[in-house]
Amino acid sequence: MRTDIFARLDREPEPPKIETPRMSRHRIALFGGTLAFYLAIVIAVLMSSWLVALDWKVMLFRPYQQWPEIHAALDYYVVLGQRGPTAVMVACWLGWRSWRQHTLRPLLTLGASLLLLNLTVGAVKIGLGRLGPHYATRIGSAELFAGGDIFPSGHTANAVVTWGILAYLAATPRARRYLSAMSAIVSLGVGLTTVYLGTHWLSDVLLGWAAGLLILLGLPWVEPLITRAENWIFAARARLGAPGSRPAAPAPAADTPAPVPAVQPTAQPAAQPSAEEPAAQGPGRGPAGRPPAASARPRAHPAPATAHAVRSERSPVTPAGSRRPPHADRAPRGGTAPARPVAGG
């Protein structure tokens, strides 16, 4: 009997049922408000409004020079917003949950959210082409359409989505509340860290928060596609490697002769004496030619027949009788036995 952890996991009767978030009215209202905030930031930057002036004031303040003692620690902390390391860490945890709960939904949800993040954030980055604070050329300018890729902040949006997906996939409401607070604190810290290091404008961080939150709020619309993808993967796995399926036997080669089935010899029944033939009278025999009971010897059991006669070896029977020619030493049935020669002179 196995006693390791894998045997304990295999004995689980049924995986826990995870409630899939639905697109409720409250969620739709949050999605609409976040989308309005997203568009307001983009319009404010395009118009070089007060938000752009605030970006320059924070940049010229140079926070990394005001508090240099925390620079080294924040260099490590900002890694929590990088897409590669965070995606690997969260994918390992969600892969464990997928294996334990016998479902692919956690991994597929993570993949769908990261795909949406790359498409939406990447398209806006390339389309607006804003330069970062370290590459700015004109004070007070929004630095748009200059070939940059800084707006919105990818670190901030990735932190919101990657750590927020843990709260989205939580199994209980209590765990969802705790994970939501944790992901909010982590993403808020990552965004402010990029402003401290001087790699992003403040408006970049605001738009990154809104972009990540839009993806998390809109995931229930993608749930039907995730369910279809999971069913398709399981169906393909069942077709390719179904348990208990065996490969078909290889067909014989064309030049290999087919094996001839061996015919087992049939046991011929012993010849019975004719009923009309008189039994020989001898000493110690009864009137019917049988030995007395006292001198009877035990009869040997006949050997069992190994197989039934093949149909082709049987004598065809017609209404007139058998077609097999009569034996030379046997008298035909229904006739008289031939006279035997008398011994002596």
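The values are calculated or read from the model by the stated rules, or taken from the named source; none is laboratory data. Only a predicted model underlies this, so the values are computations on that prediction, with no experimental measurement involved. Note: ideal-geometry Cβ built from the backbone for every residue, glycine included; neighbour counts use all protein chains shown. All accessible areas refer to the heavy atoms of the entire protein, side chains included, with ligands and DNA or RNA removed. Shrake-Rupley method; radii C 1.70, N 1.55, O 1.52, S 1.80 Å.
In the condition set (1) assigned to a helix (DSSP H, G or I); (2) at pLDDT below 95; (3) open to solvent by less than 60 Å² (accessible area, probe 1.4 Å), residue 20 is compliant with all but (1).
Within the stretch 43-57, the set of residues being of a type in the set (A, V, I, L, M, F, W, C) and surrounded by 17 or more Cβ atoms within 10 Å (Cβ to Cβ) comprises 44, 45, 51, 52, 56. Of the residues 120, 162, 194, 172, only one is polar (S, T, N, Q) and closer than 19 Å to residue 56 by Cβ; which? On inspection, the qualifying residue turns out to be 194.
Taking the condition open to solvent by 20 Å² or more (accessible area, probe 1.4 Å), under 30 Å from the mean Cα position of the chain (by Cα) and of a type outside the set (A, V, I, L, M, F, W, C), does residue 177 pass? In short, no. Among the residues of the stretch 196-216, those identified as part of a helix (DSSP H, G or I), more than 18 Å from residue 33 (Cβ to Cβ) and open to solvent by 20 Å² or more (accessible area, probe 1.4 Å) are 197, 202. Residue pairs whose Cβ atoms lie under 6 Å apart, sitting 6 or more positions apart in sequence or on different chains, and linking a residue in the stretch 179-193 that is within 17 Å of residue 90 (Cα to Cα) and of a type in the set (A, V, I, L, M, F, W, C) to a partner that is modelled with pLDDT under 95 and not in a helix (DSSP H, G or I), are 179/170. Pairing each residue of the stretch 72-96 that is more than 18 Å from residue 209 (Cβ to Cβ) with any residue that is surrounded by fewer than 14 Cβ atoms within 10 Å (Cβ to Cβ) and not aliphatic (A, V, I, L, M), provided the two are 6+ apart or on different chains, yields C-beta distances under 7 Å for 79/85.
Within the stretch 25-44, residues that are closer than 17 Å to residue 205 by Cα reach partners that are of a type outside the set (Ser, Thr, Tyr) and open to solvent by less than 60 Å² (accessible area, probe 1.4 Å) with beta carbons closer than 6 Å, at six or more positions or on different chains, in the pairs 34/210; 34/214; 37/210; 38/210; 41/206; 41/207; 44/51.
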